[in-house]
Amino acid sequence: ADRSEFLKAVDDHWLEAFDMASRIFPGAELPANPEALLNAAQKDVGSAWPLRAGPAVRTEGSLVCLDAYAATQQFQTTLEFPDDTGDVANARGAHFEAGVQMVIDETKWCPREELRKFVGREIRFQGTTLTDLDALGELEGSLLIASCKSKIYSAQYDAGEYSVVRNQASAVEKAVDEWHRLVDFLRAHLLGDNYDFQRFGRILGVVVVPRVV
């Protein structure tokens, strides 16, 4: 597009777009006008390691080229979840747990209502909290309990940064060991303070992550 035509087209919808972006991303520092947007969109030159798309806007003389693919990739990169604790991590974890339960519900392991009420609930034995049950399933006398770990596939992980890959691998190994110990305990103690799994002849425990670590 011609630069002046592009700026006019953007200006015609600027207030609407600015208001929408402000509501979706409260606190974000947004360009003040179409010209500032155009300049900002040309600054990110991308990266080969970790792989990140180049600028969403390229110019040549009075012409402006809009790269929709690069814009989409940059948008996804910008919205990458931070690998931290707190409200954001809790929201991400809860969403992943709900997703795992949804997948189980679409299979023959879909739990009956009697068991479903335990999803997300903490279970206790002799006054001690054992764990909260992220996702559950049952089939022909077998109980499936899933521990959901919403590990982030970050740009650093994608690039193979040693410490990031090692930390994720170690975290998953630790989670598997801890979950095996918990499952062994539940097999030996089918009746607790607020749970009764005596009707199940077998208990299976799995740790679920969004993708292979």
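The values are calculated or read from the model by the stated rules, or taken from the named source; none is laboratory data. Since we're looking at a predicted model, the values are computed, not measured. As a convention, Cβ positions derive from the backbone with ideal geometry for all residues, glycine included, and neighbour counts pool all protein chains shown. With ligands, DNA and RNA removed, areas are computed over all heavy atoms of the protein, side chains included. Shrake-Rupley method; radii C 1.70, N 1.55, O 1.52, S 1.80 Å.
Looking at the range 139-167, which of its residues are outside any loop (DSSP other than H, G, I, E, B), of a type outside the set (D, E) and more than 20 Å from L186 (Cα to Cα)?
Of the residues in the range 139-167, the ones outside any loop (DSSP other than H, G, I, E, B) are 139, 142-148, 155-158, 162-167.
After this cut, where a residue has to be of a type outside the set (D, E) as well, the list is 139, 142-148, 155-157, 162-167.
Of everything in the range 139-167, those that are outside any loop (DSSP other than H, G, I, E, B), of a type outside the set (D, E) and more than 20 Å from L186 (Cα to Cα) turn out to be A155, Q156, Y157, Y162, S163, V164, V165, R166, N167.
Looking for whichever is under 30 Å from C148 (Cα atoms), under 27 Å from the mean Cα position of the chain (by Cα), free of Cβ contacts under 8 Å to residues at least 60 places away in the same chain and in a helix (DSSP H, G or I) here; the options are A91, A71. Which one fits?
On the way: A71 fails: under 30 Å from C148 (Cα atoms).
Going through A91, A71 in turn, the sole match is A91.
Within the range 32-68, track down each residue that is part of a helix (DSSP H, G or I), within 14 Å of A1 (Cα to Cα) and open to solvent by 50 Å² or more (accessible area, probe 1.4 Å).
Residues of the range 32-68 part of a helix (DSSP H, G or I): 34-41, 68.
Still in the list and also within 14 Å of A1 (Cα to Cα): 38, 68.
Correct list: A68 only.
If you scan the range 106-138, which residues turn out to be assigned to a loop (DSSP other than H, G, I, E, B), charged (D, E, K, R) and closer than 13 Å to G192 by Cβ?
The initial filter retains those residues of the range 106-138 that are assigned to a loop (DSSP other than H, G, I, E, B), namely 106-112, 117-121, 126-127, 133-134.
With the extra rule that they be charged (D, E, K, R), the set shrinks to 106, 108, 112, 117, 121, 134.
The answer is R121, and nothing else.
In the range 175-189, is there at least one residue being in contact with a helix residue (DSSP H, G or I) (Cβ under 6 Å, 6 or more places away or on another chain), touching a residue at least 24 places away in the same chain (Cβ under 8 Å) and either in a helix (DSSP H, G or I) or open to solvent by less than 40 Å² (accessible area, probe 1.4 Å) (or both)?
The initial filter retains those residues of the range 175-189 that are in contact with a helix residue (DSSP H, G or I) (Cβ under 6 Å, 6 or more places away or on another chain), namely none.
No - not one qualifying residue is present in the range 175-189.
Tell me which of these I152 doesn't satisfy, since it passes every other one: (1) under 20 Å from F96 (Cα atoms); (2) touching a residue at least 40 places away in the same chain (Cβ under 8 Å); (3) crowded, with 20+ Cβ neighbours inside 10 Å; (4) not small (G, A, S).
Among (1) under 20 Å from F96 (Cα atoms); (2) touching a residue at least 40 places away in the same chain (Cβ under 8 Å); (3) crowded, with 20+ Cβ neighbours inside 10 Å; (4) not small (G, A, S), the lone unmet condition for I152 is (3).
Can you go through L204, L115, L130 and tell me which one is in contact with a Phe, Trp or Tyr (Cβ under 8 Å, 6 or more places away or on another chain), farther than 27 Å from Q76 by Cβ and of a type in the set (A, V, I, L, M, F, W, C)? Before you say what the answer is, go through the steps one by one.
Numbers: L204 fails: in contact with a Phe, Trp or Tyr (Cβ under 8 Å, 6 or more places away or on another chain); L115 fails: in contact with a Phe, Trp or Tyr (Cβ under 8 Å, 6 or more places away or on another chain).
When all the criteria are applied, what remains is L130.
Name the residue that is most open to solvent (accessible area, probe 1.4 Å), counting only residues in the range 190-213 that are farther than 15 Å from G141 by Cα and outside any loop (DSSP other than H, G, I, E, B). Reasoning before the result, please.
Step one: list which residues in the range 190-213 are farther than 15 Å from G141 by Cα, which gives 191-195, 206-213.
Then drop every residue that is not outside any loop (DSSP other than H, G, I, E, B), which leaves 191, 206-208.
Details: L191: 92, V206: 59, V207: 41, V208: 40 Å².
Taking the candidates together, the pick is L191.
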